[in-house]
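Throughout, read-outs are computed from the coordinates displayed, never taken from laboratory work. Quick caveat: nothing in here was measured; it's all calculated off a predicted structure. Glycine gets a Cβ as well: all are built from the backbone with ideal geometry, and neighbour counts include every protein chain shown.
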Amino acid sequence: MRFHPRGIVSLTLDMNISRRSFLTKSAMLAMISSLPTPLRGLGAGFQPNNFTPIRRGVGIYESRGGTIGWLVRPEALVVVDSQYPESAITCREGLREKSGRSLDFLINTHHHGDHTAGNAVLGADATHILAHANVPTLQKRAAERNNTLDAQKYADVTFEEVWEESVGDENIRLSYFGPGHTSGDSIIHFQEADVVHMGDLVFNHSHAFIDLASGADTRNWIALLERAYKEFSDDTIFIFGHGNPTYGILGTREDLLATADYFTALRQTVSDGIRDGKTSDEIAEGGLDGFDSFKVNGSGTGIANNLKTVYEEVTRTVE
Ligand SMILES: [Zn+2]
């Protein structure tokens, strides 16, 4: 069985991965050399190096949890994701040094705690908190499981497929391309800056968390990454929720295809294993050929776990 619309497997796939890795690194070097010098001397109480400007007022904040994106313009202050309460406080202090505005919007890429646990901090003075329509329910369900209902702050504005609005001199477009990492992942495009926050739809050259319980769907995940590749351009800079130490959390649209190819290989390997009568454990033991960029830190465990998860996904959908 072939799952991949390009029908690429084995050697052809490996050659494409190598080419993509090369292109990605070249493109990133060119981009990084054009980035402004990181802001310095922003005062006490936070770590200025955690703030990295990217382009036209859009940047990232890194601490604990999924990457926070921000937009700071004379008439706009927008934050994407909120990590945890402690790091959200530090992020808010840093943003206050950059802007006297209260937040126009806090946007959640999806419901996971490492992206929403800081909502009560960063969302406290936000005009609105935005997320896909499925996010509040998924967030509440997870909070019930974790006994953290009292700590939640939920989106008050949600959308089904597209939400778009101008803030100051920036235009922000949120899109939902169907289930991927969960059933509520938004793609956030700062259109003037041409910077996109992908949330956890990309664990950059790393082992994605496939959250089946929250509606993850690896087949559609591949399709939506390919759709995003076409929708954006080589000039678009992407922010990813997580990434490996070598590739980091910024990238190009080639990284979207590297992630799509990873899922294609997982699905192909599981499909071949089932055809050959193997168990989930036997398939997991075999691992994946290639994908060396995903194996920094010697992580074979991530691949084995994801093979088991895809096995569960594929077999539970068979009638
Ligand atoms: Zn996540």
| message | Can you give me the distance in nm between label points at Gln191 and Asn147, each placed 7 Å from the Cα along the Cα-to-Cβ direction? | response | 4.7 nm
| query | For labels at Asp235 and Ala213 in the simple 7 Å Cα→Cβ model, what's the distance in nm? | reply | 4.4 nm
| remark: Over all viewing directions the Cα convex hull of region 80-195 casts an average projected area in nm² of 7.1 nm²
| Along the positive direction of the dipole of region 98-198 (beta-carbon charges: Lys, Arg +1; Asp, Glu -1; about the Cα centre), which of Gln152, Gln191, Gly180 reaches farthest? | Gln152
| Relative contact order (%) - region 200-299, alpha-carbon pairs under 8 angstrom, separation at least six | 33 percent
| message | Checking the a/c ratio against 1.5 first, then a/b against b/c, what shape does the Cα gyration tensor give for region 37-251? | response | rounded
| task | May I ask what percent, to the nearest 5, of DSSP beta bridges between residues of region 37-251 are antiparallel? | result | 65 percent
| message | For Cα pairs less than 8 Å apart in space and 6+ apart in sequence, what is the mean separation divided by the residue count of region 37-251, i.e. the relative contact order in percent? | response | 16 percent
